[in-house]
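What follows is one structure encoded as structure tokens, with my remarks underneath.
The values are calculated or read from the model by the stated rules, or taken from the named source; none is laboratory data. Since the structure is predicted, the reported quantities are computational estimates derived from the model, not experimental observations. Backbone-built Cβ (ideal geometry, glycine too); neighbour counts: all protein chains shown.
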Amino acid sequence: MRKKKKTKGFLSFAELLAEETAAFGNLRKSLRFRTAIRSLRRYLAGRDELEWGEFNGAMLAGYETYMRRAGLCPNTTSFYMRTLRSIFNVAASRGLTRTASPFARVYTGIDRTRKRAIDIDALHLIHRTPLDDAPALAFARDMFIFSFCTRGMPFIDIAYLRKTNLREGKIVYLRHKTGQPLSVAIEPVVKNIIDKYSDSDRPWLFPVFTGGEEGEERMLVRYNSVYHRVRRNLERLRIRLGLETRISTYVARHSWASIAKKIDIPIGVISEALGHDSESTTRIYLATLDTTRIDRANHLITGLLL
């Protein structure tokens with residue numbers, strides 16, 4: 001009979017639960033657990049353990065602030081909090097902690113803010129505009145187009161891509177947010193961008209990280225710096241091109257989904273492409289993208305008042 005491992009606190013129990021979940025065949029859930037654990041460890045500066053008494057509302061509030069300052073949106077911070085809450089609830093059900101749930105002070109909801117998308121004409125303009133005089137804008141533009149052409153790959157996943165992720169004409173990687181494995185065929189536009197930034201001495205696909213193997217904390221600082229720089233340069237590019245809608249890698253993702261819907265790609269295909277857990281999630285996602293018909297109807301109705 002296999003002897004159960006002893007756990008001293010939250011982190012060791014979380015690691016054990018991830019192992020158990022994988023052993024029962026739920027690899028996706030196990031990867032979510034491990035992703036959340038890694039994120040929490042970064043906040044704790046690599047501590048080996050977190051005693052149950054330390055896993056409290058004040059610690060979680062500090063962790064949430066840390067993530068917000070790193071540029072994560074409310075839905076992403078909520079994803080980590082809900083995953084940690086799931087782990088905590090299992091621990092409580094096993095009698096490992098008698099502490100009341102410490103998640104009251106942090107956000108664990110799903111923010112259905114209106115998504116933004118741009119049309120194919122705007123994408124053509126962004127892609128084809130010469131930017132030889134502005135290499136910083138060119139890099140930001142290339143990351144935007146790369147994201148769009150890889151079905152809306154988030155910037156954090158782009159940043160962590162290594163050359164080893166390129167396999168037989170595909171980009172094979174794990175989503176940083178969920179740990180879900182995804183594979184994207186390398187289209188000609190994507191290959192051109194990869195080739196443009198190719199460097200034989202660098203293990204990373206793009207010049208986000210400077211060294212070969214860096215510590216987690218240093219990599220996070222570097223990532224945040226480049227991420228915010230790309231965001232600023234995309235805004236500068238938007239102004240330069242006279243676009244009304246702000247552009248970001250999030251907009252690239254929403255635009256891919258919106259255009260896919262308009263050319264009648266089946267919802268199931270869009271769902272799988274985006275890495276959603278279900279088609280219902282995709283339907284909610286797409287419903288927030290295009291309110292043009294609703295706005296047009298409202299314009300006609302309110303026009304009756306004039």
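One line per residue, one yes/no per condition, for (1) small (G, A, S); (2) touching a helix residue (DSSP H, G or I) at 6+ places or on another chain (Cβ under 9 Å):
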| residue | (1), (2) |
| --- | --- |
| L123 | no, yes |
| L137 | no, yes |
| L174 | no, yes |
| P181 | no, yes |
| D195 | no, no |
| S198 | yes, yes |
| W204 | no, yes |
| T210 | no, yes |
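Can you find even one residue in the stretch 189-203 that is in a helix (DSSP H, G or I) and under 20 Å from H254 (Cα atoms)? There is at least one residue in the stretch 189-203 that is in a helix (DSSP H, G or I) and under 20 Å from H254 (Cα atoms). Would you say I110 is surrounded by 17 or more Cβ atoms within 10 Å (Cβ to Cβ), over 30 Å from P207 (Cβ atoms), within 24 Å of the chain's Cα centre (by Cα) and outside the structural domain of K196 (by TED's automatic domain parsing)? Criteria not met by I110.
R128 meets all of the listed conditions (1) outside the structural domain of H228 (by TED's automatic domain parsing); (2) out of contact with any helix residue (DSSP H, G or I) (no Cβ under 9 Å at 6 or more places or on another chain) but one, namely (1). Under the condition of being small (G, A, S) and not in a loop (DSSP other than H, G, I, E, B), the residues counted in the stretch 104-141 number 4. When R151 is tested against (1) over 14 Å from A252 (Cβ atoms); (2) in contact (Cβ under 8 Å) with a residue 24 or more places away in the chain; (3) part of a loop (DSSP other than H, G, I, E, B), just one condition goes unmet, and that condition is (1).
Taken together, S101, S86, S12 contain a single residue that is surrounded by fewer than 19 Cβ atoms within 10 Å (Cβ to Cβ) and assigned to a loop (DSSP other than H, G, I, E, B), which is S101. Of all residues in the stretch 1-14, which are at pLDDT below 95 and within 14 Å of L84 (Cβ to Cβ)? Correct list: G9 only. Considered as a group, the residues in the stretch 15-33 that are of a type in the set (K, R) and surrounded by fewer than 19 Cβ atoms within 10 Å (Cβ to Cβ) include one that is modelled with the lowest pLDDT, and that residue is R28.
Taking the criterion of being surrounded by 15 or more Cβ atoms within 10 Å (Cβ to Cβ), touching a residue at least 12 places away in the same chain (Cβ under 8 Å) and part of a helix (DSSP H, G or I), the residues of the stretch 236-249 that qualify are L237, T249. Scan the stretch 40-63 and give yes if some residue there is in contact (Cβ under 8 Å) with a residue 60 or more places away in the chain, touching a strand residue (DSSP E or B) at 6+ places or on another chain (Cβ under 9 Å) and closer than 30 Å to Y250 by Cβ, otherwise no. No, the stretch 40-63 contains no residue that is in contact (Cβ under 8 Å) with a residue 60 or more places away in the chain, touching a strand residue (DSSP E or B) at 6+ places or on another chain (Cβ under 9 Å) and closer than 30 Å to Y250 by Cβ. Could you tell me whether the stretch 169-189 includes any residue that is buried (at least 16 other Cβ atoms within 10 Å of the Cβ), more than 25 Å from T76 (Cα to Cα) and over 19 Å from the mean Cα position of the chain (by Cα)? So far as the stretch 169-189 goes, yes, one or more of its residues are buried (at least 16 other Cβ atoms within 10 Å of the Cβ), more than 25 Å from T76 (Cα to Cα) and over 19 Å from the mean Cα position of the chain (by Cα).
A residue that is in contact (Cβ under 8 Å) with a residue 24 or more places away in the chain and in contact with a His (Cβ under 8 Å, 6 or more places away or on another chain) can be found somewhere in the stretch 70-84.
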